[in-house]
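For reference, the structure is listed below as structure tokens.
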Amino acid sequence: MAKADFQVPELKQYAEIPTIEPGVMAHSAPFKSKEEFQGALGFPGTLVDDWQPKAIAKMGDLLSRYRSLRVYMDSCVKCGSCTDKCHYYLGTKDPKNMPVGRQDLMRKVYRRYFTLAGRFFPKLVGAEDFTEEVLDDWYSYFHQCSQCRRCSVFCPYGIDTAEISMAAREIMDSIGVGQKYCNEIIGKVYKIGNNLGLPGPALADTLEGLEEDVFDDTGVEVKYPLDQEGAEILLVTPSADFFAEPHVDGLIGYGKVFHEAGVSWTLSTHASEAANFGMFIGSYENMRRVAMRIREAAIKLKVKRIVFGECGHAWRVAYSFLNTLAGPWDFLDPRYPVPQHICEFTYGLIQEGKLRFDKTQNDDMVLTYHDSCNVARASRMGDRPGGQFDIPRAIIRATCNHFYDMDEETIRDRTFCCGGGGGLLTDDLMEIRVKGAQPRVEALNNVMQEKGVTHMAAICAICKSQFTKVLPYYGMEMDQIVSVHQLVSNALVLTGQADDDEEDTVEDEAA
Amino acid sequence: MSFLSSVYAYLYYFAAFVLIAGLIAKIVQYARTPAPLKIPTTPAPTTRSGVAFRITREVVFFESLFRGNKWIWIFGWMFHFGLFLVTLRHLRYFVDPVPAPLQFIQPFGVYGGIAMVIGLAGLWARRLLVDRVRYITSLSDHLILGLLVAIGLSGLMMRFVLHTDVVRVKEFFQGLYVGQINQLPADPFLLLHLFLVAALMIIFPYSKLLHMPGLFFSPTRNQVDNPREKRHIAPWAQRMEQEQEAQ
Ligand code: HEM
Ligand code: HEM
Ligand code: SF4
Ligand code: SF4
């Protein structure tokens, strides 16, 4: 079990709503961004002198540009429906981690400077001046929100705290208070092309290694091309897929699927990152700049389609925003949606009967599936609402014999975030990450006890990294988290595969 | 025409002006603020009519609240449905002649009034008893509940204990349409009731009661889930693009 210098929450058999403990997480705040990281993104390096009027002016600017912010600041009736819905509240008991508690950090400032009632009767409506203490609270608690949108599901007006966290982070960036993790990473994308700062030659090396591994394993020459002009498909995938476990097993899987489909495809060094951290900091400008790299790569490589690898927040930006940010995509093949998710691609082939699986290859695992928050509540797959839940499950069922869902209250659009999303996947936030994972891990623990589940599959780089890190705090193994396309990769029988023997095929037909 | 009647007449002109002008200003503000990105909470409808259906379910049944918390839903829905019936019943003071459906609804309006007060009491109890809700409650939240309870109770007092002359109440309000101030019965509960209602109308556009128009403008609820099919772009974002391209 991993050692912690804070109390790891207990896992219960039935979910409990804790009693509030004000202020217990006030100390949790990520490292601040340094001057060198701020400049590249167009933000001041350190806290500006007249920060208060500047921050208020920025808030006014955002209020006039984002209807969500404007309407959500006014509409909350303090009904309480969202108060027990945030995994960070459930795991920490800090009432400022209740979605409405978090919103109120901004709402009290909004009311003070932008509403009649707050200007004249601040005490009455809970309005407060934007003081240094309030700013500190903002920095702490707006970095304890993974922008997972679970609160928006249960709010009678759909108030989405993620929108408010994003706005708060943008306001803070505009006065020189940035978060190191996110801003440094965005800088790397601008300089090198991906979050991890992997340069082109390193990528080429890795991909070559994968080709050798797959050949040794299967005897089939599966290609993992990079920067190949004229390929049909551009694959954009999170950079974690290039080297970390279990991510890379997913990438191996995508390659095998493309191989079986018989389409040409390529990765790009210029757009070697699916994730778009511009969203986390609420910056339309930076989000657009990151997204434009994909457009540039698609034009340069003359591809006809764009497919995204497994990544949750990336898929939100891809599915919901890419057309807005970097469209129109009229130079691509109009027969396919832009972009497509790798799961949509694989599922399509399964439907057409083009993939052959030997499910027994995954018999060493009993699986469950974690709906990643941004896939579940901020995007779609396929042509029907809810395809984002059904398609990955259909792929798992096609490739595995043993699959059980977790408790209904904790999956599909009610899924709990892994605890590491929204720009919190950094070691300086370990405490909030571990505590925020509690509701998800509790549900996982319950299916482990009841159904003998051994592994949890996911389609998000952040989820995979987060669980690898936090499961050990709960006495579980780091490799209990797997990629969906890792399961595909295990079970897929490649045409002409060396160990494609009689026995396997017979079993397959019997199953 | 008494002094009191004049005071109430001008109070109501003022309150009506604040309510209507304030609400229109807010609605115009919401409508003119762009929503630059597609952010419906998914799974979301993929068509306009699907969205209309989703919003209707939210307005009529409080669907999301139902999924979120059953207790709040029961009391909240009871209050609002009661309020709805009461409003229908009250329309008889404002339209002449009173159409048949409105006449038919009259007795239900009274039950509505009772349901409304019980619902409000339940909601208020939650604010005091549940630690999480107590934490997020500010003084104004109590005051609005108090205001509505007082309006409801003063109304019920008139209905069941100290009756007022509803015909003259109607004449008073009909008179206001044409700038004529008729005598308002000087019954204490009526005066209290009407004073509080005017207060409610005045605070409406400046308080959380904006949740009523807010719901219709909430992008997570009113957007169609079709970002891949249709490019969605806000005017300010378009300008930003053009500026960057010009560079
Ligand atoms: C489209 C019409 C409306 C809808 C859909 C709506 C919906 C809701 C919902 C879902 C809640 C949260 C649950 C609850 O606390 O009851 C709520 C609260 C509230 N509504 Fe409405 N409402 C509407 C109109 C109104 C109107 C016209 C009033 C004015 C008198 C009003 C007054 C309130 C108050 C005072 C609360 C807060 C109750 C509390 O403090 O707990 N609502 N509304
Ligand atoms: C200018 C607007 C209003 C006028 C002229 C008015 C007038 C009255 C009168 C004359 C009664 C007594 C009815 C009777 O004895 O049969 C009454 C009852 C009542 N009023 Fe109002 N009222 C107004 C607005 C409101 C509002 C906005 C509410 C709720 C928020 C409300 C809630 C009630 C309730 C619950 C009753 C008791 C049940 C009933 O008789 O309908 N009233 N009102
Ligand atoms: S978006 Fe998610 S993390 Fe943020 S407040 Fe809502 S439930 Fe909590
Ligand atoms: S559910 Fe919505 S309206 Fe209710 S307290 Fe939370 S944010 Fe406010």
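The values are calculated or read from the model by the stated rules, or taken from the named source; none is laboratory data. Keep in mind the model is a prediction, meaning the values are calculated, not measured. Quick reminder, even Gly has a Cβ in these numbers, built from the backbone with ideal geometry, and neighbours come from all protein chains shown.
Among the conditions (1) of a type in the set (V, I, T); (2) more than 10 Å from chain A (Cβ to nearest Cβ); (3) within 22 Å of B:R54 (Cα to Cα), B:I202 misses just one, which is (3). Would you confirm, using the coordinates I've provided, whether A:P22 is modelled with pLDDT of 95 or more and surrounded by 14 or more Cβ atoms within 10 Å (Cβ to Cβ)? Taking the combined requirement at face value, the residue does not satisfy it.
Conditions (1) among the β-branched types (V, I, T); (2) touching a residue at least 60 places away in the same chain (Cβ under 8 Å), marked per residue:
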{"residue": "A:V375", "(1), (2)": "yes, yes"}
{"residue": "A:D405", "(1), (2)": "no, no"}
{"residue": "A:I411", "(1), (2)": "yes, no"}
{"residue": "A:V434", "(1), (2)": "yes, yes"}
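Residues of region B:33-65 that are part of a helix (DSSP H, G or I) and within 9 Å of chain A (Cβ to nearest Cβ): B:G50, B:E58, B:E63, B:S64, B:L65. For region A:205-257, the set of residues classified as in contact (Cβ under 8 Å) with a residue 24 or more places away in the chain, outside any loop (DSSP other than H, G, I, E, B) and small (G, A, S) consists of A:S239, A:A240, A:G250, A:G253, A:G255, listed by residue number. Considering only region A:48-97, state which residues are β-branched (V, I, T), more than 16 Å from ligand 2 (Cβ to nearest atom) and either surrounded by fewer than 23 Cβ atoms within 10 Å (Cβ to Cβ) or closer than 26 Å to B:S140 by Cβ (or both). Matches in region A:48-97: A:V48, A:I56, A:V71, A:T83. Is at least one residue of region A:98-105 more than 12 Å from ligand 4 (Cβ to nearest atom), assigned to a helix (DSSP H, G or I) and touching a helix residue (DSSP H, G or I) at 6+ places or on another chain (Cβ under 6 Å)? Looking through region A:98-105, at least one residue is more than 12 Å from ligand 4 (Cβ to nearest atom), assigned to a helix (DSSP H, G or I) and touching a helix residue (DSSP H, G or I) at 6+ places or on another chain (Cβ under 6 Å).
Of the residues contained in region A:60-74, none is found to be in a loop (DSSP other than H, G, I, E, B), at pLDDT below 95 and touching a Pro at 6+ places or on another chain (Cβ under 9 Å). Residues of region B:97-135 being under 19 Å from the mean Cα position of the chain (by Cα) and either within 16 Å of ligand 4 (Cβ to nearest atom) or within 14 Å of chain A (Cβ to nearest Cβ) (or both), which ones? Matches in region B:97-135: B:G119, B:L120, B:G122, B:L123, B:W124. Look at region A:22-35: where a residue is over 16 Å from A:G436 (Cα atoms) and a partner is crowded, with 21+ Cβ neighbours inside 10 Å, sitting 6+ places away or on another chain with Cβ atoms under 6 Å, you get A:P22/A:P95; A:S33/A:G178; A:S33/A:Q179; A:S33/A:N183. Among the residues of region B:205-229, what is the count of those that are within 10 Å of ligand 1 (Cβ to nearest atom) and more than 7 Å from every other protein chain (Cβ to nearest Cβ)? Residues flagged as within 10 Å of ligand 1 (Cβ to nearest atom) and more than 7 Å from every other protein chain (Cβ to nearest Cβ) within region B:205-229 amount to 4. Screening A:E431, A:E442, A:E503, A:E507 for residues that are modelled with pLDDT of 95 or more, assigned to a helix (DSSP H, G or I), over 24 Å from A:V375 (Cβ atoms) and among the charged types (D, E, K, R) leaves exactly one candidate, A:E431. Within this structure, B:H232 passes the test of being within 14 Å of chain A (Cβ to nearest Cβ), surrounded by 17 or more Cβ atoms within 10 Å (Cβ to Cβ) and assigned to a loop (DSSP other than H, G, I, E, B). The C-beta contact set for region A:449-475 (first residue under 16 Å from A:Q486 (Cβ atoms), second residue basic (K, R) and modelled with pLDDT of 95 or more, distance under 8 angstrom, 6+ apart or interchain) comprises A:A458/A:K464.
Listed here are the residues, each with its yes/no results for (1) within 14 Å of another protein chain (Cβ to nearest Cβ); (2) more than 25 Å from A:K435 (Cβ to Cβ); (3) surrounded by fewer than 24 Cβ atoms within 10 Å (Cβ to Cβ); (4) without any contact (Cβ under 8 Å) to a residue 60 or more places away in the chain.
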site: A:P99; (1), (2), (3), (4): yes, no, no, no
site: A:V134; (1), (2), (3), (4): no, no, yes, yes
site: A:R150; (1), (2), (3), (4): yes, no, no, no
site: A:Y157; (1), (2), (3), (4): yes, yes, no, no
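Taken together, A:G423, A:G387, A:G419 contain a single residue that is farther than 30 Å from A:G178 by Cα and not acidic (D, E), which is A:G387.
For region A:258-297, filtering for residues that are in contact (Cβ under 8 Å) with a residue 40 or more places away in the chain, surrounded by fewer than 24 Cβ atoms within 10 Å (Cβ to Cβ) and closer than 30 Å to A:V493 by Cα leaves 6. Here B:R54, B:R67 are screened, and the one residue that is free of Cβ contacts under 8 Å to residues at least 60 places away in the same chain and over 20 Å from B:L200 (Cβ atoms) is B:R67. Go through the residues of region B:136-149 one by one and say whether even a single one is more than 14 Å from chain A (Cβ to nearest Cβ) and either of a type in the set (V, I, T) or within 24 Å of B:R92 (Cα to Cα) (or both). Yes, because at least one residue in region B:136-149 is more than 14 Å from chain A (Cβ to nearest Cβ) and either of a type in the set (V, I, T) or within 24 Å of B:R92 (Cα to Cα) (or both).
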